[in-house]
Each structure stands twice: as C-alpha cells, then as structure tokens.
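Derivation of every value follows stated rules applied to the coordinates shown; laboratory data play no part. Please read these numbers as outputs of a predicted model, since none were measured by experiment. Ideal geometry is used to build each Cβ from the backbone, glycine not excepted, and the neighbour counts take in all protein chains shown.
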Amino acid sequence: MNFSKLVALALSFGFLLSVAACATHPTVSSDRPDLIAAPLSGTGGPKAYCRKDDNELVVQVLNQSTTGTDKASKTQVTFSNGLDLKKDTGALAGGASQDVSFPMPPSCFNPDCRFKVMVDADNNIDESPGEAPDNHELNNKVEGLCAG
C-alpha cells in the first residue's frame, strides 16, 4: 500500500470514528442548545428508545447543552405503519428534559413496532450552524423499536 492510500485510509477511519462518537456521545457546546431524544439508561440500539406508559410511547427530549432554548420546538414520531405525529415541546433550560407522549397504534405491532423520532422537527431551535464540525442538528433523529 502506498503512502497516499494509507493516509486516505487513516483519515477515513478517523472520520468514521468521529462520526460514531458524535452519534453516541455528541459534543456538548456551551454556547448553543443541543436537543436529543434521550435513550434509556443501560440499553443500547433501537430498543433504547422504547419508553412506554400504557399504550403511549414516551419520548424524553433532553437539552444536553448548558445553554437553554429560547422558544418551544416540535417533536415528531413516525410509526412503521405510516402514522406520523407531531407534538409541542416546551423551551428547555440547559440540562433539562421534557417527556412527550404519543399514542402507539396497535397496527404498528407486526410483530414489533418500529418508529423514528425527530426532535426539533421544524428546525425552530438554532443548535449550531450547518457548516460547523460539531453540528448539533445531526443528532436530532433516532430509530426505535418496541418488541410486540
């Protein structure tokens, strides 16, 4: 392997590690909010987002920055059966969270219920500039699964 290919491979690998690190443990900026759908503690993968209360999916929206949001946002859940719901999420101080509940359609379970969550679904919160290397908009989407 020649030197230029080795450098390209190393840079690609480093980039992938950086992306993976941001996806699981995003960098927290103190000058901008950073909203995420918080996973259940001690659980990995899509099941980490299956937080239920009776027949409702509960999404915990967390501002993992030290800077608060100055306005409300929307949280969206799209279930695998096509049902698409949006709900208001209040303004969040730095480190604060809010639970947002969505009715889980029984038809989603086939046998499991898959869903996608997007916090700040309408991009109302200025989390970071689009060109920033620590773009906090990139961690607004997650995929979840509740076993049937």
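Please arrange Asp99, Asp120, Asp84 by counting, for each residue, the other beta carbons lying within 10 Å of its beta carbon, fewest first.
Least to most surrounded, the residues fall as Asp84, Asp99, Asp120.
Could you check the simple spin-label distance between Lys87 and Asp54, using points 7 Å along Cα→Cβ, in nm with one decimal?
Label at Lys87, label at Asp54, 1.2 nm between them.
Give the Kirkwood hydrodynamic radius (Å, one decimal) of segment 26-100, defined as one over the mean of 1/r across all pairs of different Cα atoms.
13.3 Å
With a Förster radius of 35 Å, plug the Cβ-Cβ distance of Ala96 and Ala147 into 1/(1 + (r/R0)^6) and report the FRET value to the nearest 0.05.
Numbers: r = 30 Å, r/R0 = 0.86.
Using R0 = 35 Å, I get an efficiency of 0.70.
If neighbour count is taken as other Cβ atoms inside 10 Å, put Phe102, Phe115, Phe79 in order from fewest to most.
Ascending Cβ contact count within 10 Å gives the list Phe102, Phe79, Phe115.
Run the quick spin-label model on Lys47 and Phe109: label points 7 Å from Cα toward the beta carbon, then report their separation in nm to one decimal.
If labels sit at Lys47 and Phe109, their model points lie 1.6 nm apart.
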